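Some notes on the structure that comes next.
Rule-based calculations on the coordinates, nothing more; no lab input. Because the structure is a prediction, the values reported are computed rather than measured. As a convention, Cβ positions derive from the backbone with ideal geometry for all residues, glycine included, and neighbour counts pool all protein chains shown.
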Amino acid sequence: AQSVTQLGSHVSVSEGALVLLRCNYSSSVPPYLFWYVQYPNQGLQLLLKYTSAATLVKGINGFEAEFKKSETSFHLTKPSAHMSDAAEYFCAVTKTSYDKVIFGPGTSLSVIP
Amino acid sequence: GAVVSQHPSRVICKSGTSVKIECRSLDFQATTMFWYRQFPKKSLMLMATSNEGSKATYEQGVEKDKFLINHASLTLSTLTVTSAHPEDSSFYICSARVFASGSNEQFFGPGTRLTVL
């Protein structure tokens, strides 16, 4: 069965500092991986996705993530945090184009001025 | 980009009444839609997968008679919470899947906040 873990339910960074949100997955086959962002009382917005092409994936708003098969990880990074990045971030995994998507527990990002 | 809408955005109802939530794909056809439930500061819990023209597939532990799902067209799926009770209060989010090559990307609606008094 697939699963996703996100280390750190809450991460706090200073404005301008590096953002690192961790995601590890468990999958019996090469997975499809996603990062979504959710602002309060809103739905989810796709930040980026990995679909077995390049291992370094660039997304919107300056975010990127690197797929590391040996570490079963797909950590999300951004070089310089902005106040508007404060939100809930979810890592998600699916086996194939037709499988249901499994979401991680989420990480709440706070940005300190 | 693909847009998914939900209506209503917020609903307050009395215990024992039924509430219908609509999920529409505005600029694409969605053969598959998903319904999620999200508790405060929690992740999304998949409730059911809805395929156009067929019965929904419910996740384990989700009462199909309580959460009625209908996917009558390629752009509309509805979730009806029957005989709602305070414990059904939650944030309900739908998503629609676009079959891009090797993607399985889902587009999410803005969510519906249900409060049962």
### By average C-beta atoms within 10 angstrom, highest first, the peptides B:13-22, B:83-92
B:83-92, B:13-22
### Query
At what distance in nm do the modelled label points of residue B:12 and residue A:61 sit from each other, each positioned 7 Å from its Cα along Cα→Cβ?
3.0 nm
### Query
So if R0 is 22 Å, what FRET efficiency would residue B:117 and residue B:72 give, r being the distance between their Cβ atoms, rounded to the nearest 0.05?
0.15
#### Entry: Eligible aspartates and glutamates near residue B:55 by straight Cα distance, threshold 15 Å, same-chain separation 8 or greater
B:63, B:65
### Task
Please give the average number of partner chain Cβ atoms lying within 10 Å of the Cβ of each residue in B:105-114, rounded to a whole number.
4
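What does the charge dipole of chain B about its Cα centre add up to, to the nearest 20 debye, if the Cβ of each Lys and Arg holds +1 and the Cβ of each Asp and Glu holds -1?
Details: 12 positive and 9 negative charges, 59 e Å.
Once rounded to the nearest 20, the dipole reads 280 debye.
In whole percent, what relative contact order does chain B give with Cα contacts below 8 Å and a gap of six or more residues?
On the way: 294 pairs, mean separation 41.9, N = 117.
For chain B, the relative contact order is 36 percent.
How many partner chain Cβ atoms sit within 10 Å of a residue's Cβ in peptide A:43-49, on average, as a whole number? The partial results should precede the final answer.
Numbers: counts 16, 11, 3, 5, 0, 0, 5.
What the average comes to for A:43-49 is 6.
Given Cβ point charges of +1 (Lys, Arg) and -1 (Asp, Glu) and nothing else, what value in debye, to the nearest 20, does the dipole of chain A about its Cα centre take?
Working: 8 positive and 7 negative charges, 61 e Å.
My answer is approximately 300 debye.
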### Message
Using a 7 Å offset from the Cα along the Cα-to-Cβ direction at both residue A:99 and residue B:2, what is the distance between the two label points in nm, to one decimal?
### Response
1.9 nm
### Task
Just grab the label-to-label distance for residue B:59 and residue A:28, each label 7 Å out from Cα along the Cβ direction, in nm (one decimal).
2.0 nm
### Task
With N set to the residue count of the protein assembly as shown, report its C-alpha Rg divided by 2.2 N^0.38 Å to two decimal places.
1.02
### Message
Expected output is a single nm value to one decimal: the length gained when fully extending between residue A:77 and residue A:20, i.e. 0.36 nm times separation in residues minus the C-alpha distance. What is it?
### Response
20.1 nm
### Task
Using the charge dipole of the range A:1-110 (Lys, Arg: +1 at Cβ; Asp, Glu: -1 at Cβ; taken about the Cα centre), state which of A:34, A:81, A:105 has its Cα farthest towards the positive end.
A:34
### Summary
P(r) of chain B over all Cα-Cα pairs, 5 Å bins starting at 0, rounded to whole percent, reads 2, 13, 23, 25, 20, 10, 4, 1, 0
### Summary
For peptide A:85-93, the mean count of other chain Cβ atoms within 10 Å per residue Cβ is 1
### Query
Using mean Cβ contacts within 10 Å as the protection proxy, how do B:45-51, A:5-11 order, highest first?
B:45-51, A:5-11
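Once you order the gyration tensor axes a ≥ b ≥ c over the Cα atoms, which shape class does chain A get: rounded for a/c under 1.5, otherwise prolate or oblate by comparing a/b with b/c? Each step should come with its number before you reach the end.
Numbers: a/c = 1.89, a/b = 1.63, b/c = 1.16.
It is prolate, given that a/c is not under 1.5 and a/b is the larger ratio.
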### Query
Where the centroid of each part is defined by its Cα atoms, how far is the range B:56-115 from the range A:3-61 in Å?
23 Å
### Query
If the cut-off is a Cα-Cα distance under 25 Å, which lysines reach residue A:69, setting aside same-chain residues fewer than 8 apart in sequence?
A:49, A:58, A:78, A:95, A:100
